[in-house]
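Structure first, then comments.
The values are calculated or read from the model by the stated rules, or taken from the named source; none is laboratory data. The structure presented is a predicted model; accordingly, all values stated were derived computationally and were not measured. Don't worry about glycine lacking a Cβ; one is built from the backbone with ideal geometry, like all the others, and counts go over all protein chains shown. Only protein heavy atoms, including side chains, enter the accessible area calculation; ligands, DNA and RNA are left aside. Shrake-Rupley method; radii C 1.70, N 1.55, O 1.52, S 1.80 Å.
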Amino acid sequence: MSVFLGTHQNRLDAKGRVSIPSAFRTALRARAKSGEPLAILRPSHLHPCLEAWPADAFAALTRPLDEMDIFSEDHDDLATALYADAYPFETDREGRILLPETLRAHAGLTEQVTFMGLGRTFQIWDPQAAEQRRAAARASARRLTAGRGPANAGATP
């Protein structure tokens, strides 16, 4: 399975276009199916960033809706949160995508953006916010793995 790895920085042009890192484009194309968008771009629920979900991963994200009463407020809230601000995208010949203004505003994106790979998905951040997020995640990971040495790294606590 193709995964998104690493952190990459690119420039956002005056029209709101940015080039997706080539390794990410390769992973997206490897997962894309005919007739589906390359990926879905949406605002994060948790952070001031954008999330890019390959179509298969986005379908998995929306599966909880299938278990809810379609006429319930919970279903309506979750469906609105997942779909109303979601934008399918394809790249142009230069590997760029257009970031809608509402999404740029959500993430505070201006001239530079940072792409962060998260395995099945990737995020797009303001560079300074991305560095703060990576530092916080590393600190949390240290707490989560405290006391786990190489011999018991795979053991369940």
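Based solely on its DSSP helices, what 222 nm [θ] is calculated for the chain when runs of n ≥ 4 H residues each add -39,500 (n - 2.57) and the sum is averaged over all residues, nearest 500 deg cm²/dmol?
-9500 deg cm²/dmol
Accessible area per residue, 1.4 Å probe, Å², for the range 1-78: what's the number?
Result: 58 Å² of accessible area for each residue.
Using a Gaussian network for the chain with springs between C-alpha atoms less than 10 Å apart, which of these wobbles most: Pro64, Pro37, Pro88?
Pro64
Measuring from centroid to centroid over Cα atoms, what is the spacing of the range 111-126 and the range 76-93 in Å?
Value for the Cα centre distance between the two parts: 17 Å.
Can you tell me the dipole magnitude for the range 41-102 around its Cα centre, using point charges on the Cβ only (Lys, Arg +1; Asp, Glu -1), in Debye to the nearest 20?
The calculation lands at about 360 debye.
Report the net charge of residues surrounding Leu5, where surrounding means a beta-carbon distance below 15 angstrom and charges are Lys +1, Arg +1, Asp -1, Glu -1.
After counting each charged neighbour, the total is +4.
Determine the shape class of the range 31-157: with a ≥ b ≥ c the square roots of the Cα gyration tensor eigenvalues, call it rounded for a/c under 1.5, and otherwise prolate if a/b is greater than b/c, oblate otherwise.
Judged from the Cα gyration tensor, the range 31-157 comes out oblate (a/c at least 1.5, b/c at or above a/b).
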